[in-house]
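Worksheet: the structure to be examined is printed underneath.
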Amino acid sequence: MINYHNKFFRTVENSSNAETSSDTIFKYEQRGNIISSSYSGGKVLKGHLIGLVSDDGKINMRYHQINTEGQLKTGICTSTPELLSNGKVRLHEDWEWTGNNPSKGTSILDEM
């Protein structure tokens, strides 16, 4: 299992309907197979996620955030890790907004 504890990530690629950007920084914490993160930057004033990490490092999570327009947004996401040649982790994310305006997208986050 990949241990994400105290790792920082930044979005490097995103769908057009996403709110995170290269200005959004994620700080991950992990205890056993439970993972959480606080994040902010760009269009995101404050966000949190919580999830479970499988033995192969895949993350199944839920997230909520408040954007710069004062809107509370929620969603679900599956992140699949890729170990890069420099030893850092890249996350390939498939996500979906939930609530009043559901839509799907993809993102790529790189460990900083």
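Computed values, structure above
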| read-out | value |
| --- | --- |
| Total formal charge among the other residues, if their Cβ is under 13 angstrom from that of Gly105, Lys/Arg +1 and Asp/Glu -1 | -3 |
| By average C-beta atoms within 10 angstrom, highest first, the peptides 72-83, 17-28 | 17-28, 72-83 |
| Solvent-accessible heavy-atom area per residue, rounded to whole Å², over the chain at 1.4 Å | 56 |
| Listed values (1) 38; (2) 56; (3) 24, entry calculated as percent of Cα pairs over 22 Å apart | (3) |
| Phi to ³J(HN,Hα) by Karplus 6.51 cos²θ - 1.76 cosθ + 1.60 over the range 19-35, Hz, x for Gly, Pro | 10, 7, 8, 5, 7, 8, 10, 10, 10, 8, 10, 9, 10, x, 9, 9, 10 |
| Carbon and sulfur %, accessible surface of the chain computed with the full protein complex present, 1.4 Å | 50 |
| Most to least packed among 94-102, 55-63 [average Cβ atoms within 10 Å] | 55-63, 94-102 |
| Simple Cβ-charge dipole of the chain, Lys/Arg +1 and Asp/Glu -1, about Cα centre, in debye nearest 20 | 280 |
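The values are calculated or read from the model by the stated rules, or taken from the named source; none is laboratory data. Everything numeric in this text was worked out from a predicted model, so none of it was measured. Glycine also receives a Cβ, built like all others from the backbone with ideal geometry; neighbour counts cover every protein chain displayed. Ligands, DNA and RNA are stripped out before the accessible areas are found, and what is left, the full protein with its side chains, is counted by its heavy atoms. Shrake-Rupley method; radii C 1.70, N 1.55, O 1.52, S 1.80 Å.
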